[in-house]
Amino acid sequence: MHIFHQEMMKYGVTEKKLQLLQDVSGVFRPGVLTALMGITGAGKTTLLDVLAGRKTGGYIEGTIRIAGYPKKQDTFSRISGYCEQSDIHSPNLTVHESLQFSAWLRLPSNVNSRQRDV
């Protein structure tokens, strides 16, 4: 039994699987910066991690659709950007410049300059 599960059992949780998100739906408009807000523990980071393909543990049930089509992670990663709240952001850069800088740091070295600047 995992330590996390033992800890949760102390608080009366008996399930072995902990559901972090339930009945989530939403729409993001293309080309529009979107802020996701809510109270601590509401699942904002979990939702963004699932959408960004950063969740490596646990399980994901349900469907994620982009423009009505099932999400393909490699395509989604190319058309979206996600800056975590813990990222360091310069007040002197625009949102586009911040995302561009992040892309320069994170993209593999075989991606050429023209592709990085898109």
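Only the coordinates and a few stated rules stand behind these numbers; no lab work does. All values derive from a computational prediction rather than experimental measurement. Here the Cβ positions follow ideal geometry from the backbone for every residue, glycine too, while neighbour counts run over all protein chains shown.
Brief remarks follow.
- Once backbone amide H atoms are built at 1.01 Å from N, Ile66 has Lys71 as its partners under 5 Å, excluding neighbours fewer than 5 places away on the same chain.
- Averaged over residues, the count of other Cβ atoms within 10 Å places the peptides 25-36, 93-104, 62-73 in the sequence 93-104, 62-73, 25-36, highest first.
- The slack in the chain from Thr34 to Lys10, taken as 0.36 nm per residue of separation less the alpha-carbon distance, amounts to 4.8 nm.
- Reachable lysines from Lys10, criterion Cα separation under 27 angstrom, eight or more residues apart if same chain: Lys44, Lys55
- Vicinal HN-Hα couplings computed from phi for the stretch 23-30 (Karplus, 6.51 cos²θ - 1.76 cosθ + 1.60; Hz; Gly/Pro x): 6, 9, 9, x, 9, 10, 7, x
- The simple spin-label model puts a point 7 Å past each Cα toward its Cβ; for Asp49 and Val95 those points are separated by 2.4 nm.
- Net length gained if the chain between Asn110 and Gln73 were fully extended (0.36 nm per residue, minus Cα distance): 11.4 nm
- Cα-Cα separations in the stretch 22-75 greater than 18 Å, expressed as whole percent: 37
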